[in-house]
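All remarks here apply to the structure that follows.
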Amino acid sequence: MSSLAERLEVVSGQIADAARSAGRDPDDITTIVVTKFHPASLVRELYELGVRDVGENRHQEAQAKAAEVADLDGLRWHFIGQLQSNKAKAVREYAAAVHSVDRGSLVTALGPGDPLDVFVQVDLSGEPGRGGVQPGELDGLVDAVLAAPDLRLRGLMTVAPLDTEPRRAFADLRELSQRIQKSAPDARDLSMGMSGDFEAAISKGATHLRIGTAITGNRPTPG
Ligand SMILES: *Cc1c(COP(=O)(O)O)cnc(C)c1O
């Protein structure tokens, strides 16, 4: 059994290697450690090991954990799961970024407030219900985010579909990113890559990795 520190070090090394083989600077890649289902004490341990970006996919759990470790200076919470519009304002209270903006009603619900980084999530699976806007509706949603004064559009996010070669999905997201940069030149970031496919994501330009189990170990079953 390896320790949290060892796994973090191994994965960080793999990220740096993958970046260098893609001719990229590892410092241009942000690793978000996904702590869902784990207790706040794990977030504290990660912080002590130098982690400053953590990700959660369920509002209630994220809100409770963020409150428990509110004393950790400079810790950034990334909301990465499907978000109900009636929870949007509450997520804003603790999240530095929302990676899962996938419809106009959510843009409206996030509403005015302090500046918030957002990613538009794109569904590349073609199976509705998994979260994400269909590529054909992306441009309209991007325009809606750009029109929202307090939302800073950082770029696009996707979860690679299970039945496709992840490289293919990541290359598709990069193409969509180049397309939206014509109207949103600052939206260059790509949130893609998880425990099983982060090296492929780095090779296709990922700037934000969302890595859970490879670092945290297996998740406890949700309670
Ligand atoms: C859980 C989750 C991850 C991390 O998954 P692992 O396979 O544990 O790395 C990444 N992105 C999203 C949206 C998730 O829900």
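The values are calculated or read from the model by the stated rules, or taken from the named source; none is laboratory data. It should be emphasised that the depicted structure is a prediction, and the values quoted were computed from it without experimental measurement. Heads up, the Cβs are rebuilt from the backbone with ideal geometry, glycines too, and the neighbour counts pull from every protein chain shown. The accessibility values were calculated without ligands, DNA or RNA, using every heavy atom of the protein model including side chains. Shrake-Rupley method; radii C 1.70, N 1.55, O 1.52, S 1.80 Å.
When the gyration tensor of region 131-204 is built from Cα positions, what are the square roots of 5 times its three eigenvalues, in whole Å, from largest to smallest? Intermediate values should be presented prior to the final figure.
Numbers: eigenvalues 106, 30, 23 Å².
With the √(5λ) rule applied to region 131-204, the semi-axes are 23, 12, 11 Å.
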How much net charge surrounds residue 80 when only the other residues with a Cβ under 9 Å from the Cβ of residue 80 are counted, with Lys and Arg +1 and Asp and Glu -1?
-> +1
Give the carbon-plus-sulfur fraction of the accessible surface of the chain in %, rounded to a whole number; probe 1.4 Å, heavy atoms of protein chains only.
-> 47 percent
How many nm separate the modelled label positions at residue 167 and residue 60, each set 7 Å beyond the Cα in the direction of the Cβ?
-> 4.3 nm
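Below 13 angstrom from the Cβ of residue 13, what's the summed charge of the other residues (Lys, Arg +1; Asp, Glu -1)? Don't skip to the end; give the middle numbers.
Details: positive: 7, 20; negative: 6, 9, 17, 199.
Net charge around residue 13: -2.
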Check residue 133: other-chain or 5+ apart residues with amide H under 5 Å from its amide H, H built from backbone geometry?
-> 121, 122, 123
Heavy-atom surface of the chain, accessible at 1.4 Å and reported per residue (Å²) = 47 Å²
Give me the Debye-computed log₁₀ of I(q)/I(0) at q = 0.09, 0.12 Å⁻¹ for region 5-157, equal point scatterers on Cα only, no solvent, two decimals.
-> -0.32, -0.56
Radius of gyration and Dmax for region 73-181's Cα atoms, expressed in Å?
-> 13.6, 40
From the Cα centre of region 89-145 to that of region 1-78, the distance in Å is 22 Å
Cross-link pairs beyond the 30 Å C-alpha cut-off, checked among 65/182; 182/204; 89/204 = 65/182; 89/204
10 Å beta-carbon shell around residue 52, net charge (K/R +1, D/E -1) | -1
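Across region 1-60, how large is the tail of the calculated P(r) beyond 15 Å, expressed as a percent of all Cα pairs?
Of the Cα pairs, 56 percent sit more than 15 Å apart.
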